[in-house]
Amino acid sequence: MEKASTETFLNCPELVRATMNFMDKKSLSRCALLNKAMSEYALDAIYAHRHSFVRLLELLCPMERDATTGIRKFTRPIRRSDWDRFHHYSKRIHSLRVSNSGNDARRIAPESMIDLFSSMPPGHQFLPHLRNIEWHNLHPMTTYFLLMLCHDKTHDLFFSIASRELQNGILIERLSKKLPNLRSLRLGMTTGITERSADQVRPAMAEAIQDLPLLQTLVLPSELLSQPLLYHLSQSKYLQRLWTTQFGPRLMSFPCHKQADSASRFPVLCEVAVSTTHLLSKWDYFIAGRHLASLYIEVSDMRHLSVAPGLISSLSPTLRHLVVVLEGLPQSTVTSAPLTIAMLAPFLNLRLLETLVIDLPDPPQLNDKDLHRVATSFPQIQHLEICVRARGEPSQVSPTLGCLLPFAKHCKKLCSLGLYIDASVPPSAFPHSQTVFSPSFKELHVFCSKIGEIHVVLDFLLLMLPPHATIVQGTYSRQLRHMVGDIIHHFPRGERNEELDEQSVQYKKAWWRVGQYLEKMLRARKTLEMQRAEIKRLELQKLRSCTVGDIDQRSD
């Protein structure tokens, strides 16, 4: 029986490959020594994702590094047999990531580069099945390698580069010619772009994008966008994501629109990331597409929040995900101001919202009644954050613990909630059976807002949080992501307190203790939930018996 099961497993290549993807490198190396069939599967998994270009060259031919200069070169001329052996590995590689720390390809001897390009067999693709390329801090020396790697099977390209190295758009033009089937293009800048440099690159960028008819995701600095480019993008039948910022909303899955409305702008655009400066000047039609579901807004000037919310609610009434942050994350230089109900009110018309994040650094000037309006405005809300990472003492008008009650009562789909709360004010009412968060609720986000006696806060939260809900203190919203890589690399670690004043540090520690106490009381919280369930069952049973009694009396 076991032998038959093993044979069935080995005769299903898709299942074997899926299993290999969950193995560590040591286990894969052992599998590669079992037999020829298993070796092929294991080698595919080992070499599928590479993180160094120089390591690839070492697979082709041995290299040595000069200890004084750091220059690398081949130890001998590359032979045809080297290419034949290299093909055994190169055909397995599907993605390549060259990070800043591993970007040593720029220090390769010129004679070795000449040998590499001149010895390559005619019609040979260096990595014939390469799908994804991620190259950080591209250098003039390494652009030749990037161009060598690109071909018609490459679908996803990210590269970051200094503005002076864009070479008047020549690199962009050449890349577009070599990548006719590109689905995703993300361009990051390692230095600021001057207006003069942008003027030189914009025409080439517009022409290059026109050579990428299947593009679905485009991330570009706003300085490189032009009216010709925007017009072409607005007619695209495939473009679903358009970012002009480094950060954007977390990855969402969108339905595939097989038939695009050619008469409308951005017929299938689902996700946009843009600053308020551009949104309010000339790009408001970005967010007017009828399929737009996710919007990320960077606030360039707090005065824009008197206009932008109304514009968004009128042009994008079907939004499901909305994120509003200050421009220049994680260390913004924009002069901030408190969030008020007047700024927030237009967003309350977006009844379909499932995610709403407003991340501003000042404590909001909202009261519990204002947040009651918020809770009753979003029946579909799943993730909500309002100034949760705000710092400093609360204003005279601030939310208290009582503001959590309407969210528990009206937002039954809520999974995570983050609010700036003045928890030093004792709640006027404690939770009852109708104001308990649903079992789907998982996280209450706080940071360093004012907190009073811990036992009062703990008693309040014990009565309304489900057993597995936790307190989360993070320096960034989990509803954000960066254009490439893990977002955590762009924000300080949560336990760092250098940027907080002494009082805020104490508040932060107090909230951490509340979270620890909640975790330690897990058994008691489970018991409380069981008691609630039993009470609810008895009430329902009593209601049914009363209803049956009424029916019997009427029949008599």
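The values are calculated or read from the model by the stated rules, or taken from the named source; none is laboratory data. The model shown is predicted, which means the values in this text are computed figures rather than measured ones. Quick reminder, even Gly has a Cβ in these numbers, built from the backbone with ideal geometry, and neighbours come from all protein chains shown. With ligands, DNA and RNA removed, areas are computed over all heavy atoms of the protein, side chains included. Shrake-Rupley method; radii C 1.70, N 1.55, O 1.52, S 1.80 Å.
Listing for the model above:
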| quantity | calculated |
| --- | --- |
| Residues located in the range 424-442, provided they are of a type in the set (A, V, I, L, M) and either closer than 18 Å to GLU453 by Cβ or open to solvent by less than 20 Å² (accessible area, probe 1.4 Å) (or both) | VAL425, ALA429 |
| Filter result for ILE451 (under 21 Å from LEU322 (Cβ atoms) and either among the basic types (Lys, Arg) or buried (at least 20 other Cβ atoms within 10 Å of the Cβ) (or both)) | no |
| Selection status of SER300, under 19 Å from GLU354 (Cα atoms) and either crowded, with 18+ Cβ neighbours inside 10 Å or touching a Lys or Arg at 6+ places or on another chain (Cβ under 6 Å) (or both) | no |
| Exclusive hit being surrounded by fewer than 15 Cβ atoms within 10 Å (Cβ to Cβ) and within 18 Å of GLN246 (Cβ to Cβ), set GLY192, GLY188 | GLY192 |
| Which numbered condition LEU96 fails, given (1) in a helix (DSSP H, G or I); (2) in contact (Cβ under 8 Å) with a residue 12 or more places away in the chain; (3) not aromatic (Phe, Trp, Tyr) | (1) |
| Matching residues, the range 9-32, being open to solvent by 80 Å² or more (accessible area, probe 1.4 Å), modelled with pLDDT of 70 or more and part of a loop (DSSP other than H, G, I, E, B) | ASN21, PHE22, ASP24 |
| Identity of the residue in the range 403-423, open to solvent by less than 20 Å² (accessible area, probe 1.4 Å) and assigned to a helix (DSSP H, G or I), that ends up farthest from SER477 (Cα to Cα) | PRO406 |
| Qualifying positions in the range 259-316 - assigned to a loop (DSSP other than H, G, I, E, B), small (Gly, Ala, Ser) and in contact (Cβ under 8 Å) with a residue 12 or more places away in the chain | ALA260, SER262, SER264, GLY289, ALA293, SER300, SER316 |
| Residue count for the range 381-402, restricted to those that are modelled with pLDDT under 95 and open to solvent by 10 Å² or more (accessible area, probe 1.4 Å) | 11 |
| Selection from the range 117-136 of residues that are among the polar types (S, T, N, Q) and open to solvent by 70 Å² or more (accessible area, probe 1.4 Å) | SER118, GLN125 |
| Filtered residue count, the range 353-363, keeping only those that are part of a loop (DSSP other than H, G, I, E, B) and modelled with pLDDT of 95 or more | 2 |
| Those residues of the range 47-92 which are polar (S, T, N, Q), open to solvent by 60 Å² or more (accessible area, probe 1.4 Å) and touching a strand residue (DSSP E or B) at 6+ places or on another chain (Cβ under 8 Å), in sequence order | THR75 |
| When residues of the range 64-78 are limited to those that are assigned to a loop (DSSP other than H, G, I, E, B) and not small (Gly, Ala, Ser), the one nearest to PRO110 (Cα to Cα) | ILE71 |
